[in-house]
Amino acid sequence: MPAPSQTDTGFPTHPAWMEIDLDALAANYAELQRRAGPSIKIIASLKANAYGHGAVATAKTLSGLGTFALSTGSFRDAVAIRDAGITTPIVMFGGNLPDGIADYLDYDLIPTVYNMATAQAVSDTAKTPVPVYIKVDAGMGRLGIALPEADAFIRRVAALPRVIIEGVYTHLSFNDAVGQEWSKRGIDRFNALIAGLRDSGLDIPVTQAVASSNLMVGHMDGSNAICPGHLLYGLPSVAPDLADIAPFQPVLRSVRARLIHIGEFPDDPELKTGGYHVKRQGPRTGVVPLGLYDGYRKPQDGAPAAVLLQGRRLPVLGVSLEHLTFDLLDLDNVAIGDDVVVLGADGDDCITLAELANWQGCRAIDELMNFDGRLPHRYYGST
Ligand SMILES: *Cc1c(COP(=O)(O)O)cnc(C)c1O
């Protein structure tokens, strides 16, 4: 992967962007397939614009790698994937009213059903039998038909005229050791449901209960598909003491902006009484166009928030609506247009997503949601 060059003049009117490493995505996909086993189907979770990495580019990469299906709850993202010419099956997680089914079918999207109103809408809207997935709530308490009612519900849906049950799935994400046991128990109950359906002659082609948390701790089940999200993007989904994120690689390689201004200040005690000068240690400040509007959040009081330039950690002095101002300390060989690393590696140092999130008192996924939709994505590697 080529290093971003200092002479690259991309985004001159607003030089701030995210760098997405599609080779890392491909490597993470290969690692997931290795962990799950070669016969296991991968339904790649691309929800929330592929966890902020860009649904269309990641859909292209994953389709090129032969993923069995894509999944998202965002109709807007699903339409963007179809408009880009990608024909890989897309399982919709939900998020729709029964009346939305007509649009789903128009775009060749596979609905998930977990109530009779939506199942009926599929059968009423479809002209020929169409595939659906059924989501079972095995303990999460979010979307899904409650497990005790699932057997009867699935049989009722199976009897509808223009509905083919292609898959049944559940989702039991967790963060800690107690959650891991809870997830295992839920998956056992889910497996018992599927076995019961099979024993009575209702064979479900695709079953799936395992997502990133389970895969991180090496918990596979009896299903023939997995639906990972976090791990595809190199994002940990369990606490670090439970499992290590290595060998999964971050797909968000960096967030960068370019220096639009260098403030030079005389050694005047009067200046030290106001503005960013109160905290400034060096004679110069740097400014990049990456403020609150661009997704950078105010660091918590006392957090050692910094940016990287020439491999040096330079303290953030403040973040305003449209700009981030930092202390250049004793650096003097800087120029307008220099690349400033807000997240990612520079020289021997690296600001990780977890570190940035920690400074700002949020989680890695919150950072991705903050930046996505505000900053352009620049892609590296295979699409
Ligand atoms: C988000 C989601 C997944 C993927 O979960 P990760 O923890 O990101 O791997 C799988 N299944 C469902 C139903 C989801 O909503």
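The values are calculated or read from the model by the stated rules, or taken from the named source; none is laboratory data. Just so you know, these numbers come straight off a predicted model, no measurement behind them. Please note: Cβ atoms are built from the backbone with ideal geometry, for glycine as well, and neighbour counts cover all protein chains shown.
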### Query
Does the range 221-242 hold any residues that are in contact with a helix residue (DSSP H, G or I) (Cβ under 7 Å, 6 or more places away or on another chain) and either within 8 Å of the ligand (Cβ to nearest atom) or in a strand (DSSP E or B) (or both), and which are they?
I226, P228, G229, H230, L231, L232, L235, S237
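Would you mind finding the one in A27, A48, A59 that is out of contact with any Cys (no Cβ under 6 Å at 6 or more places or on another chain) and away from the ligand (no atom under 16 Å from the Cβ)?
Just one listed residue meets the conditions, A27.
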### Message
Being crowded, with 22+ Cβ neighbours inside 10 Å and of a type in the set (K, R) is the requirement here; does R198 meet it?
### Response
no
### Message
All but one of (1) on the phi < 0 side of the Ramachandran plot; (2) surrounded by 15 or more Cβ atoms within 10 Å (Cβ to Cβ); (3) at pLDDT 95 or above hold for D221; state the number of the condition that does not hold.
### Response
(3)
## Note on the structure
Expected single match for buried (at least 17 other Cβ atoms within 10 Å of the Cβ), of a type in the set (A, V, I, L, M, F, W, C) and either outside the structural domain of R189 (by TED's automatic domain parsing) or over 18 Å from P205 (Cα atoms) (or both) among L147, L160, L109 is L147
### Summary
All conditions in (1) assigned to a loop (DSSP other than H, G, I, E, B); (2) within 14 Å of the ligand (Cβ to nearest atom); (3) aliphatic (A, V, I, L, M) are true of A246 except (2)
### Options G167, G141, G196, G186: the member that is modelled with pLDDT under 95 and either out of contact with any His (no Cβ under 6 Å at 6 or more places or on another chain) or aromatic (F, W, Y) (or both)
G141
#### Entry: Inter-residue pairs, beta-carbon under 9 Å, first within 25 Å of D348 (Cα to Cα) and in the range 286-308, second surrounded by fewer than 22 Cβ atoms within 10 Å (Cβ to Cβ) and among the hydroxyl-bearing types (S, T, Y), 6+ apart
G286/T325; V287/T325; V288/T325
### Residue in the range 151-194 that is farthest from the ligand (Cβ to nearest atom), counting only those that are among the small types (G, A, S) and over 20 Å from I226 (Cα atoms)
A159
### Task
Determine if the range 249-268 includes at least one residue that is within 16 Å of the ligand (Cβ to nearest atom), β-branched (V, I, T), under 21 Å from H53 (Cβ atoms) and in a loop (DSSP other than H, G, I, E, B).
yes
### Task
Considering every residue within the range 198-210, establish whether at least one is part of a helix (DSSP H, G or I), within 16 Å of the ligand (Cβ to nearest atom) and under 28 Å from A59 (Cβ atoms).
no
### Message
Condition (residue is farther than 18 Å from E367 by Cβ, touching a helix residue (DSSP H, G or I) at 6+ places or on another chain (Cβ under 9 Å), assigned by TED's automatic domain parsing to the domain that holds A177 and more than 16 Å from the ligand (Cβ to nearest atom)) applied to the range 274-282: is it met by at least one residue?
### Response
no
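It is to be established whether one or more residues within the range 123-135 are within 16 Å of the ligand (Cβ to nearest atom) and of a type in the set (K, R).
Yes: one or more hits.
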### Task
Filter the range 314-332 for residues that are in a loop (DSSP other than H, G, I, E, B) and either at pLDDT 95 or above or within 17 Å of Q360 (Cβ to Cβ) (or both) and give the result.
S320, L321, E322, H323, L328, L329, D330, L331
